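Down below is the structure, laid out as structure tokens.
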Amino acid sequence: MDTVRLIIALAAKKGWLIYQLDVKSAFLHGELSKDLFVEQPKGYEQKGNEHKVYKLHKALYGLKQAPRAWFSRIEAYFTHEAFQKCISEQTLFVKTSGGRILIMSVYVNDLIFTGDDEQMMLEFKQSMMRVFDMTDLGRIRFFLGIEVLQQTNGIYICQRKYTLEVLKRFGMEKSKAVMNPIVPGFKTDKIGEGKKIDETYYKQIVGSLMYITATRPDIMFGVSFISRFMASPTEVYLQAAKRILRYLKGTINYGIFYKKNENKQLIAYTDNDYAGDITDRKSTFD
């Protein structure tokens, strides 16, 4: 997630556009380095050879080796195309040529890329589509639960759709909204005291909230606080977690706006602004 925000921040500062590609049946492109065998599928056994097995020539979905095989395959392609892999981030690749730069990040079968030269990005996209079966998604709009709005003055990111799903999942979609994520001067009883609650349920709430902090730094303190009690949650901490959900309900359109040539800001979009920008955008690659 940090890599995605880094690319978005850089693209916003430089005024670059970000594009997205989706690899169809990504794991089927993986090449196996060891011999693997599978039983004949039930109902499709060859008569007289029911005791035999199939030897795989390509990776299949469900194999534990499939993700590594796919990443090794696409990494080899990037190396062949003169990309340099980031030492500290294995999914980030950079290519420079004649003073031009192209930055690309891959997450399983989703790829985003940006750069300072439209022709270089077009050639990259065409090359990828010749080698892999891909879908051109145009300018990035939705990636790993993050909604992205690219504008002339910067890039706005939020998790409005995901937040609505979280509120519905935990039955808080009709709750009363509040204007702060934690009660000022909030104090809790000692750890372990109070009525115990379902540990799994509490962890699910905290985990969902942690993911939302990717675009909502204003809830970071509250989420960090309630995450300290996942080993032994009580009603007090559950109420604190639900208050954060109520705060999110009242600030559903909040997100991070990376302004061109300036620092990021936490802002809110109206529903009209939010919907209009999505419907008006069209990829220059079309």
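Numbers at a glance
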read-out: Prolate/oblate/rounded label for the chain (Cα gyration tensor, a/c 1.5); value: oblate
read-out: Dipole axis of the chain (+1 Lys, Arg; -1 Asp, Glu on Cβ), positive-most option in 18, 145, 53; value: 145
read-out: Ratio of the Cα radius of gyration of region 55-159 to 2.2 N^0.38 Å, where N counts its residues; value: 1.19
read-out: Mean separation of Cα contacts under 8 Å, 6 or more apart, over the residue count of region 115-182: relative contact order %; value: 14 percent
read-out: Where chymotrypsin sites (Phe, Trp or Tyr not before Pro) in DSSP loops with at most 13 other Cβ within 10 Å are excluded, longest remaining stretch of the chain; value: 62-185
read-out: Rel. contact order, % - alpha carbon contacts under 8 angstrom, at least six apart, the chain; value: 21 percent
read-out: Region 160-250: equivalent-ellipsoid semi-axes (sqrt of 5 x gyration tensor eigenvalues, Cα, Å); value: 20, 14, 12
read-out: Charged-residue dipole, Cβ positions (Lys, Arg, Asp, Glu), region 1-85 about Cα centre, Debye nearest 20; value: 140 debye
read-out: Dipole axis of region 160-250 (+1 Lys, Arg; -1 Asp, Glu on Cβ), positive-most option in 202, 179, 212; value: 179
read-out: Student exercise, the chain dipole from Lys, Arg, Asp, Glu Cβ charges, in Debye to nearest 20; value: 720 debye
read-out: Restraint check, 195/242; 95/125; 95/259; 168/249; 174/249; 24/55, Cα-Cα greater than 20 Å; value: 95/259; 24/55
read-out: Computed [θ] at 222 nm, helices only, for the chain once each DSSP H run of length n ≥ 4 contributes -39500 (n - 2.57); value: -11000 deg cm²/dmol
read-out: At R0 = 22 Å, FRET efficiency that the Cβ-Cβ distance of residue 197 and residue 164 yields, to 0.05; value: 0.35
read-out: Table column - 3J(HN,Hα) (Hz), region 131-141, Karplus curve with 6.51, -1.76, 1.60, x for Gly and Pro; value: 8, 10, 7, 10, 10, 7, 8, x, 5, 4, 10
read-out: Most mobile listed residue (240, 26, 231) in the chain, GNM with C-alpha springs under 10 Å; value: 231
read-out: Centroid-to-centroid separation of region 78-144 and region 191-254 [C-alpha atoms, Å]; value: 36 Å
read-out: Region 160-250: relative contact order as a whole-number percent, Cα under 8 Å and 6+ apart; value: 50 percent
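Each reported figure results from applying straightforward, stated rules to the coordinates on display, with no laboratory input. Note that this is a predicted model, so its numbers are computed, not measured. All Cβ positions, glycine included, derive from the backbone under ideal geometry; neighbour counts span all protein chains shown.
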